[in-house]
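The values are calculated or read from the model by the stated rules, or taken from the named source; none is laboratory data. From a predicted model like this one, the values you see are computed outputs, not experimental measurements. Cβ atoms come from the backbone with ideal geometry, glycine included; neighbour counts cover every protein chain shown. The accessibility values were calculated without ligands, DNA or RNA, using every heavy atom of the protein model including side chains. Shrake-Rupley method; radii C 1.70, N 1.55, O 1.52, S 1.80 Å.
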Amino acid sequence: MIKPYTNKAWYLVLPVFALVAFSAIIPLMTVVNYSIQDIFDANTRYFVGTEWYREILNDTRLHDSLVRQFIFSGSVLLIEIPLGILVALMMPARGPGSVVCLLVLALPLLVPLNVVGTIWQIFGRADIGLFGWALNSLGINYNYAANPMDAWFTVLLMDVWHWTSLVALLCYSGLRAIPDAYYQAARIDRASNWAVFRFIQLPKLKNVLLIGVLLRFMDSFMIYTEPFVLTGGGPGNSTTFLSQTLTKMAVGQFDIGPAGAFSIIYFLIILLVSWLFYTAMTHNDGK
Amino acid sequence: MAEIQLKSLAHCYDKQADEPLYAIREMNHVWQKGGAYALLGPSGCGKSTLLNIISGLLEPSDGEVLFDGVRVNDIPPQERNIAQVFQFPVVYDTMTVFDNLAFPLRNMGASKAKVQSKVGEIAEILDLTAVLNKKAANLSADEKQKVSMGRGLVRDDVSAILFDEPLTVIDPHLKWKLRRKLKQIHEQFNITMVYVTHDQLEASTFADKIAVMYNGQVVQFGTPRELFEQPNHTFVGYFIGSPGMNLMEVERCEQGVCFGPQQIALSPVEMAAVNASQSNNLKVGIRPEFVHVWDKPNGDAYQAEVLFVEDLGTYKILSLKLGEQVIKARLQEDQRVPQQHAYISFPEQWLMLYIDEYLVAKEDNHD
Ligand SMILES: Nc1ncnc2c1ncn2[C@@H]1O[C@H](COP(=O)(O)OP(=O)(O)O)[C@@H](O)[C@H]1O
Ligand SMILES: [Mg+2]
């Protein structure tokens, strides 16, 4: 029987479409609206076309924080993904030890973002913070409020402390899903530990790692609260990332037009990079 | 080509438990060099446990495993020259079929030329040549299982291959083909093969000798014919054959044993065994194939009530009630089916006596 081709099925998608429209598309369109107009008050607005975009693309503040942002997200991924895998590999598979490990790992994930910032702000202080005090009494001159390198180091360390658990937990669940027979077959085939990791564990972790990489990329690329509380973007502008630059522009200076253009570009960069990761990690599936 | 000997072997997964449960109960067994064997038994009887102990994946809690007379308990699987194929196919997803097959060879440091020729040869035997360059992740289930088998077969140093229900995931029509293939490989390379299955047909088409395992022990080791004609244990009688052996609980009486009013005569040796034993667990068994059936009274045949007949095409299975006991008998195609009453007799030659579930020999032949 040949079914007649109709477009009625599209109506079934309508409710979902409406929902997505309210939650994402309409707010996004208001941003688009800001980014192509110069608005003075409720009745005075001028269409400016791509002017804000050109202004933003030539803004060195944005260039600098974009570069910082990429360095930061890159470092986060390069540290947290391998470290997360390593932690997951070292965790006991069963028994009371595994429960303890899971609890300890879950703890940092439960701490609110601004609390994380505050914890590290105090922790790193040379006078009353355990970490800063310990480093300084070891003879290392450490001051995250004055030295850009120290500030970067602390911001990265804070993020690693906060989020490596997420990667580790994802990998742990991935590892537990590998049937014993794979390890047994590998022993029979005389595979080395490295080969077991490379040819059994890593391939089986691919799906959870894809989620881990995307989550960690998007999250770190949008990071705001923690560095804001810890360093306030300083010293100077050395730890001012994209979202902080944007906030300054939109809320501090009330440059809604350029901020709108900035937001759109920001959004597109995240979309593009996420897509690149996704494609790179899945391109040889099904071939 | 190794002889595998199991000496007072037993295994318990959790010895610390208050009541340790033994997955393998103390047993002795020998797999001779170059034989094709099947290990047959129901699910959970300890087949996989036994294989894992032989290959070294599991260390037995008691007893010894000997290869060619040498104790290997402490030798890890990597050094045992044994290959094992698991129930569900294990392939290295990111590698091609070629690399999968080459993997064990490369791990032992084989030369490039050697890898090429060996992988080519095994791929040829297993019909994998066409897919050698395909990613293993994209194969069908039976191709994957062939790759799993192939990894065991490429190694020259393998002296025994253990198969743990390898054809579970394979389509029925391919099962037969693959089993033939394994048999050919066995003839060609003369490797000791142990093939675990819970399917008696699969066991008897693959193996020269079958070990029937029950409750953690090998209860009989023999040819398919021996298992059929002389089941050494009531479980073998019940498990082998379709339907299984008729087993009747009996009691001691003057001339032998009886069930209800019926008396069964025993041979002198059997009689002596019954008298010597303290046990009240006495059973007699006879296969449905050996029960004689008449539709009229005949000599001292017992009268039984006909319950129902199942027609299985080339033969029929007659269910009868004798006293309290249900007895099955196999009728040939051309045999008349008795109505209401049938008269049956049990030829002495095929009537087996079991004390405590184990067979009592009819004649003294261990001298
Ligand atoms: N890893 C294990 N830990 C504890 N008990 C096990 C384990 N593997 C199997 N067993 C137990 O040992 C017995 C035999 O299992 P197994 O060897 O897998 O049987 P089969 O392969 O014949 O189905 C079963 O009762 C099973 O529950
Ligand atoms: Mg099993």
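Values for this structure:
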read-out	value
Pairs with Cβ under 8 Å, 6+ apart, first in the stretch B:30-51 and within 14 Å of chain A (Cβ to nearest Cβ), second within 14 Å of ligand 2 (Cβ to nearest atom) and hydrophobic (A, V, I, L, M, F, W, C)	B:Ser48/B:Val196; B:Thr49/B:Ala23; B:Thr49/B:Ile24; B:Thr49/B:Leu58; B:Leu51/B:Leu39; B:Leu51/B:Leu162; B:Leu51/B:Val194; B:Leu51/B:Val196
Residue within the stretch B:24-32 that is among the hydrophobic types (A, V, I, L, M, F, W, C), touching a Gly at 6+ places or on another chain (Cβ under 8 Å), away from ligand 2 (no atom under 16 Å from the Cβ) and open to solvent by 40 Å² or more (accessible area, probe 1.4 Å) present	no
Whichever residue in the stretch B:161-178 is within 21 Å of A:Ala185 (Cα to Cα), within 18 Å of the chain's Cα centre (by Cα) and open to solvent by less than 60 Å² (accessible area, probe 1.4 Å) and, among such residues, is farthest from ligand 1 (Cβ to nearest atom)	B:Ile161
Residue among B:Asp74, B:Asp62, B:Asp93 that alone is in contact (Cβ under 8 Å) with a residue 24 or more places away in the chain, out of contact with any His (no Cβ under 6 Å at 6 or more places or on another chain) and more than 11 Å from chain A (Cβ to nearest Cβ)	B:Asp62
Entirely in the stretch B:1-81, the strands (runs of 3 or more DSSP E) that have 1 or more residues that are within 16 Å of the chain's Cα centre (by Cα)	B:22-31, B:36-40
Which numbered condition B:Phe88 fails, given (1) in a strand (DSSP E or B); (2) within 11 Å of chain A (Cβ to nearest Cβ)	(1)
Scope the stretch A:247-263; condition under 22 Å from the mean Cα position of the chain (by Cα) and surrounded by fewer than 16 Cβ atoms within 10 Å (Cβ to Cβ); matching residues	A:Thr247
Filter result for B:Glu79 (open to solvent by 10 Å² or more (accessible area, probe 1.4 Å), within 16 Å of ligand 1 (Cβ to nearest atom) and assigned by TED's automatic domain parsing to the domain that holds B:Gln184)	no
Within the stretch B:183-225, considering residues that are among the β-branched types (Val, Ile, Thr) and farther than 17 Å from B:Tyr238 by Cα, the one most open to solvent (accessible area, probe 1.4 Å)	B:Thr205
Exclusive hit being within 16 Å of ligand 2 (Cβ to nearest atom), at pLDDT 90 or above and either part of a helix (DSSP H, G or I) or within 10 Å of another protein chain (Cβ to nearest Cβ) (or both), set B:Leu101, B:Leu105, B:Leu162	B:Leu162
B:Val97 more than 16 Å from ligand 1 (Cβ to nearest atom), open to solvent by less than 40 Å² (accessible area, probe 1.4 Å) and within 19 Å of B:Ser148 (Cα to Cα)	yes
Subset tally (residues that are more than 25 Å from B:Lys183 (Cα to Cα) and away from ligand 1 (no atom under 12 Å from the Cβ)) for the stretch B:17-56	5
Unique match (being aromatic (Phe, Trp, Tyr) and more than 10 Å from chain B (Cβ to nearest Cβ)) among A:Tyr224, A:Tyr183	A:Tyr224
